[in-house]
Amino acid sequence: MKNSKIIGGLKGRSLLRDIDLTKDQFMALLDLAEILRTEKKSDTEKKRLKGKNIAIIFEKSSTRTRSSFEVGGHDQGAHVTYMGPGDTHMGRQETIKDTARVLGRMFDGIEFRGFAHHDVELLAEFSGVPVWNGLTDEWHPTQLLADILTIRDHSSKPLERIALTYVGDARNNTANSLLCVGALLGMDIRIAAPLSLQPNEDVQLIAKRLAQHSDAKLSITENPHDAVAETDFIYTDVWVSMGEPTDSWAERIKLLLPYQVNEQLVHASKNPDVRFLHCLPALHNTDTEIGKELNKKYGVSALEVTEEVFESATSIVFDQAENRLHTIKAVMVATLAGA
């Protein structure tokens, strides 16, 4: 592997924020993910994590993140222990610091998906082993690795020439990571969101500092149609959190409906090769309990993306979902084995 020295330098490291990586380290992880993906599909995978014990801690439910860490760990020969909500004493009967010191003596690596970013920082500080952020309220680094790998898969352009537009609720972990990773990699990143749902000033300042070194183009606007003009990728995320009280949904939906990714918005890109991204799950029809409830209460058949776009050839969301496995596996291999 051409970036083996860079990958070796990640051994023993944690991944808490995307911006903890340099551009070279980020790209080396993508190259390693491609190698691991090829090995898996050709049934030639080497067991680089044989004998390693990995804990995955989930305060929030998950499909892709949990599956990726479990399958990726098993593929590489590791033993994976899942700890769901209520399965540990962490934060209730035992401090996070104490839990970290216990788990660090039993496990070689720890994944954490939860709420406060400070919690994953404490795990990394006191466990003494690599800790991986599977999602916190502020950052979503493993998602962005999968996103950029998917973009590389579906574009012949260098990243520096790719325009990506995020539309919708942009005051969340995915949008934060997207803006800052795009700035790190020198991309053209556009965010279209209502003023009250744009990334906070601290995140914007981080992105602007990174862009000064990479020549990235960053723009944040309230106009989704302007933002998607000539873009290569349109990205969105859910508008309503399943943890929010339902009485807040009506206001949120009314505010964000102009940012729905529908056929009109896709056509506004004026790019016949534009592709659609979504980190999933997506509320694109009424086939789920939440979808039925939203339709009954608010008369909407879809929220952030319509069924027509989601199921179209424009959509590459399931390639994106699969790449969670390969990139998360790359993170575990790089930080535990260094090769």
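In table form, for the structure just shown:
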read-out: Of residues in the stretch 25-60 being over 20 Å from the mean Cα position of the chain (by Cα) and under 13 Å from T327 (Cβ atoms), the one surrounded by the most Cβ atoms within 10 Å (Cβ to Cβ); value: K40
read-out: Entirely in the stretch 152-234, the helices (runs of 4 or more DSSP H) that have 1 or more residues that are surrounded by fewer than 20 Cβ atoms within 10 Å (Cβ to Cβ), in the same structural domain as N271 (by TED's automatic domain parsing) and touching a residue at least 60 places away in the same chain (Cβ under 8 Å); value: 201-214
read-out: Any hit, the stretch 285-298, residues being at pLDDT 95 or above, assigned by TED's automatic domain parsing to the domain that holds I189 and buried (at least 20 other Cβ atoms within 10 Å of the Cβ); value: no
read-out: Residue within the stretch 161-181 that is over 19 Å from the mean Cα position of the chain (by Cα) and modelled with pLDDT of 95 or more present; value: yes
read-out: Some residue of the stretch 68-84 being assigned to a helix (DSSP H, G or I), at pLDDT 95 or above, among the polar types (S, T, N, Q) and in the same structural domain as D18 (by TED's automatic domain parsing); value: yes
read-out: Options K270, K296; residue that is of a type in the set (K, R), more than 22 Å from the chain's Cα centre (by Cα) and in a loop (DSSP other than H, G, I, E, B); value: K270
read-out: Residue tally, condition in a helix (DSSP H, G or I) and on the phi > 0 side of the Ramachandran plot, over the stretch 88-116; value: 0
read-out: Any hit, the stretch 313-332, residues being more than 17 Å from the chain's Cα centre (by Cα) and either in a helix (DSSP H, G or I) or acidic (D, E) (or both); value: no
read-out: Tally of residues being in a helix (DSSP H, G or I) and either out of contact with any Pro (no Cβ under 7 Å at 6 or more places or on another chain) or more than 26 Å from D137 (Cα to Cα) (or both) across the stretch 1-31; value: 16
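The values are calculated or read from the model by the stated rules, or taken from the named source; none is laboratory data. None of these values were measured; they are calculated from a predicted model. For neighbour counting, all protein chains shown are included, and Cβ atoms are generated from backbone atoms with ideal geometry for every residue, glycine included.
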